[in-house]
């Protein structure tokens, strides 16, 4: 290309192009000036009117949050309307004096002032902030008569969230609270900023958080004229909001309530699943808390009490508590042995009451041993020695592979909290896990001796109650695993259309039917003639179960005497079960913290749950109050 | 005997040896207007005027240092700066953190940086260096390579997504290629192809970007979201009228109707209070700035300094035009600040590095000729 080379013509061309660019710049700036003339001279009157005389404010109208009901239509979360007294700080010249004057008309407590200050510090300048909620009609009338004295202070009708059953199922439902900076980040991430104009509450955990964008609805708005002082003159246009969608749960709140009562003062968790769909029937974590406390911003005193309480009511033990499974692990071990061909059902061992490995002496619970033990007996009488030997024969990585397939040590993906962030994983021990877990090379190595106690659900094993319930449901459902979920369908507020949440199969373990049958028979045996027989005596249905007792601390060869050990060091009691054994409709896992033996404290709760779910039978002595009764909770 | 006045005079002369006073005066004038507007936009809330004045001080010092670097020195920065910028952009693509739905920041433990900002300088520097290196044999091949050097960082920034910065970086690079003599046929052809590909481009845009274009056509479709900015800023400009409502008297501003009023939408605040007259003054100042830059480019001695000066100057134009265009409702809303006016330290530093480059090119031209 010859014309690229001549320096003189290059310079000329460069200068020509500079001139060309200068003309483009002038044209573009001319266009801008033209636009300014159009807006500021020709259309000036129009914009003048819009800005100077009347100012149009867009006032967002917050939609009604969706209602949450249980499987029988009992309301678990709803809204009610109440009058609040609100102050817009930017329009009140002397805040302290105004509130003092206000206090002569309306009852304002020091705690109201405290809360107002706290919310004001968190809020943006021009927002209106409630100083009193739930005004009585008399108070509204009193204020209306004196309103002229209080510019920037208004009575507003607002919707409040209410959980009519109070603390029942609070760990599943969750609660809403005021939007914080962190929540704002979430809203921005989801690109929902516009829809949250005017909204000041958001789901903080549980279903309220997981289904936040279903429950919220679409914000409407009203165009109103405001005068120079910012006071509304008249409404020009109104686009109504669209209410949030309603959630209908698979959870049976009556069942939930009975279970919570059965726990009483005891700490623990229970998860009951419909094995053929993954639908959660009950998700109990005891003790619970009253979610109504959080709606208006929890007071520091209440928060301190909940947070510092030794029984940790704020922890959702069902999905965030991780416990050794104890002997409830044995049916899973037995199934693994059958599937991997490491045992047949009829193979027997001879149990002297201990198993020696190297210098280690592994004790069986029963002194002197169980004698000749086959697989059936090993489950029904919970023989430890059988599983010490089995674990040693299988090796840690085989165990870990199979248990991983059952979902142990993995997040189940239940629809609670923010995706993935809310569930505890637990520990599924393997050589790889140990390498990741520890830093020092000598700790990273897996020792064969460590595998032995894995076999009876001790050692590094640690799972959440929901994982145990899900693994039980997999056995009950012939090896097909569903993702556990609490919401059964979502009703669209606009169209009334029901969106069914389809059961989501996660995987089919392709278990051999004859192997499942062996385990089923043994677990039925547990409830008939074994460790669960006492709890299930006289049940008109056939159930399958397994008790478990998980050591909280190692006894180092000493005898276990419950009464001589401090409460918090006592063993955890566990029980897994499903029923009816031939065609299961419910599978569950129960954990009672420091409950001692599983047969004693966990199995009776499972019996109560199954009696109610399968027979509609209420436990003797259970409070007969109507589940729908509204507790008129007084905040704070 | 020590000649104190003489030493002072020589010291002063040395201090300002590489300062171009016309450029300095024009930018100081725009910045004075900017400071007053930042004051008006923030005095009843969260005051920013002092920190903005601090930003200006820092930026001026950086300008002074850059103006003292001879163009040969600037050339030696081209490749390292470009490569560093490119690596950091790739790092953002891989490990960047999301803020407000866009991946623009790179976490460095103690702080985080936005690498696209340095590309605004590194891009024209690199391309000008490239054309200088192959000045004697310039052919189609070189234009092709230059386009590649341009497109990769452009795509990485557009992907973040940060359309505003991508346009500024892409613009700066394109100006170099244009001034280097990209044939008109190719320019016209690219323009036609671009127009034809516009519907396809529509499909590539993010939802929020489409929304912004749609709201430009009819702002009332999204009055709570993106449309709100345009509606309120055009009301502010229109109600300003010929002479404006007066300093600190903008009702749109002080009743909190204008979003981002001290940053990207500062022009709405200025225009409401100073009216058409004020706008004309501001546009005139920008025209002077650009004219001075083009004069420097036209008298620059080497291809490198010509191309760099021309591209940096038109960069200022791109900033100003896109910003005023979007605030007055003729361009979609993209995140581009108004040069020397908007609050913010990083953008100001980048702008003054550009001014420093222009000064360096102008004040070193005689030395090169010798």
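Give the residue, chosen from A:111, A:117, that is in a helix (DSSP H, G or I), surrounded by fewer than 16 Cβ atoms within 10 Å (Cβ to Cβ) and in contact (Cβ under 8 Å) with a residue 40 or more places away in the chain.
A:111
Is one or more of the residues making up segment A:82-93 more than 14 Å from chain B (Cβ to nearest Cβ), in a helix (DSSP H, G or I) and modelled with pLDDT under 85?
Taking every residue of segment A:82-93 in turn, none turns out to be more than 14 Å from chain B (Cβ to nearest Cβ), in a helix (DSSP H, G or I) and modelled with pLDDT under 85.
Filter segment B:178-214 down to the residues that are within 11 Å of another protein chain (Cβ to nearest Cβ), assigned to a helix (DSSP H, G or I) and surrounded by 14 or more Cβ atoms within 10 Å (Cβ to Cβ) and list them by number.
Of everything in segment B:178-214, those that are within 11 Å of another protein chain (Cβ to nearest Cβ), assigned to a helix (DSSP H, G or I) and surrounded by 14 or more Cβ atoms within 10 Å (Cβ to Cβ) turn out to be B:178, B:179, B:208, B:211.
Yes/no per residue for (1) closer than 28 Å to residue A:504 by Cα; (2) within 15 Å of the chain's Cα centre (by Cα):
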| residue | (1), (2) |
| --- | --- |
| A:223 | no, no |
| A:235 | no, no |
| A:242 | no, no |
| A:246 | yes, no |
| A:266 | no, no |
| A:275 | yes, no |
| A:284 | yes, yes |
| A:298 | no, no |
| A:311 | no, no |
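Identify all residues within segment A:380-393 that are surrounded by fewer than 24 Cβ atoms within 10 Å (Cβ to Cβ) and outside any helix (DSSP H, G or I); write none if there are none.
Residue satisfying the conditions is A:381 alone.
Which of the residues belonging to segment A:179-200 are surrounded by 14 or more Cβ atoms within 10 Å (Cβ to Cβ), more than 9 Å from every other protein chain (Cβ to nearest Cβ) and assigned to a helix (DSSP H, G or I)?
Scanning segment A:179-200 gives A:183, A:186, A:187, A:196.
Are any residues in segment A:19-35 under 13 Å from residue B:286 (Cβ atoms) and either more than 7 Å from chain B (Cβ to nearest Cβ) or touching a strand residue (DSSP E or B) at 6+ places or on another chain (Cβ under 8 Å) (or both), and if so, which ones?
Matches in segment A:19-35: A:26, A:30.
Could you list, in sequence order, the residues of segment B:313-330 that are part of a loop (DSSP other than H, G, I, E, B) and either more than 16 Å from residue B:286 (Cβ to Cβ) or modelled with pLDDT of 95 or more (or both)?
Result: B:329, B:330.
Being in contact (Cβ under 8 Å) with a residue 60 or more places away in the chain and at negative phi narrows it down to one residue among B:186, B:176, B:204, B:169; which is it?
Numbers: B:186 fails: in contact (Cβ under 8 Å) with a residue 60 or more places away in the chain; B:204 fails: in contact (Cβ under 8 Å) with a residue 60 or more places away in the chain; B:169 fails: in contact (Cβ under 8 Å) with a residue 60 or more places away in the chain.
Criteria check complete, one pass: B:176.
Checking residue A:65 against (1) touching a helix residue (DSSP H, G or I) at 6+ places or on another chain (Cβ under 9 Å); (2) within 11 Å of another protein chain (Cβ to nearest Cβ), which test does it fail?
Here residue A:65 meets the rest and fails (2).
Listed here are the residues, each with its yes/no results for (1) within 8 Å of chain A (Cβ to nearest Cβ); (2) within 29 Å of residue B:236 (Cα to Cα); (3) touching a helix residue (DSSP H, G or I) at 6+ places or on another chain (Cβ under 9 Å).
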site	(1), (2), (3)
B:280	yes, yes, yes
B:286	yes, yes, yes
B:299	no, no, yes
B:303	yes, no, yes
B:317	yes, yes, yes
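Could you tell me how many of the residues in segment A:120-146 are modelled with pLDDT of 80 or more and surrounded by 13 or more Cβ atoms within 10 Å (Cβ to Cβ)?
12
Has segment A:36-54 got at least one residue that is at the interface with chain B (Cβ under 10 Å from one of its Cβ atoms) and not in a helix (DSSP H, G or I)?
Yes, because at least one residue in segment A:36-54 is at the interface with chain B (Cβ under 10 Å from one of its Cβ atoms) and not in a helix (DSSP H, G or I).
If you scan segment B:280-308, which residues turn out to be buried (at least 17 other Cβ atoms within 10 Å of the Cβ) and closer than 20 Å to residue B:135 by Cβ?
Those that are buried (at least 17 other Cβ atoms within 10 Å of the Cβ) and closer than 20 Å to residue B:135 by Cβ: B:296, B:297, B:300, B:302, B:303, B:304, B:305, B:306, B:307, B:308.
Determine whether segment B:122-130 contains at least one residue that is in contact with a helix residue (DSSP H, G or I) (Cβ under 9 Å, 6 or more places away or on another chain), touching a residue at least 40 places away in the same chain (Cβ under 8 Å) and more than 28 Å from residue B:185 (Cβ to Cβ).
Looking for residues that are in contact with a helix residue (DSSP H, G or I) (Cβ under 9 Å, 6 or more places away or on another chain), touching a residue at least 40 places away in the same chain (Cβ under 8 Å) and more than 28 Å from residue B:185 (Cβ to Cβ), one finds at least one in segment B:122-130, hence yes.
Residues being in contact (Cβ under 8 Å) with a residue 24 or more places away in the chain and not in a helix (DSSP H, G or I): count how many of those fall in segment B:11-30.
4
Can you tell which of B:346, B:363 is surrounded by fewer than 24 Cβ atoms within 10 Å (Cβ to Cβ) and farther than 23 Å from residue B:42 by Cα? Quick ask: steps written out before the conclusion?
Values: B:346 fails: farther than 23 Å from residue B:42 by Cα.
Sole residue among the options that is surrounded by fewer than 24 Cβ atoms within 10 Å (Cβ to Cβ) and farther than 23 Å from residue B:42 by Cα: B:363.
Identify all residues within segment B:253-278 that are at positive phi, within 10 Å of chain A (Cβ to nearest Cβ) and surrounded by fewer than 21 Cβ atoms within 10 Å (Cβ to Cβ); write none if there are none.
Correct list: B:256 only.
I need the helices (runs of 4 or more DSSP H) fully contained in segment A:267-379, keeping only those with at least 1 residues that are modelled with pLDDT under 90, farther than 30 Å from residue A:487 by Cα and out of contact with any strand residue (DSSP E or B) (no Cβ under 7 Å at 6 or more places or on another chain). Break it down into steps so the answer makes sense when it comes.
On the way: elements: A:292-295, A:300-308, A:317-320, A:330-339.
Hits in segment A:267-379: A:300-308.
Out of curiosity, is residue B:175 more than 21 Å from the chain's Cα centre (by Cα) and within 13 Å of chain A (Cβ to nearest Cβ)?
No.
The values are calculated or read from the model by the stated rules, or taken from the named source; none is laboratory data. Quick caveat: nothing in here was measured; it's all calculated off a predicted structure. Glycine gets a Cβ as well: all are built from the backbone with ideal geometry, and neighbour counts include every protein chain shown.
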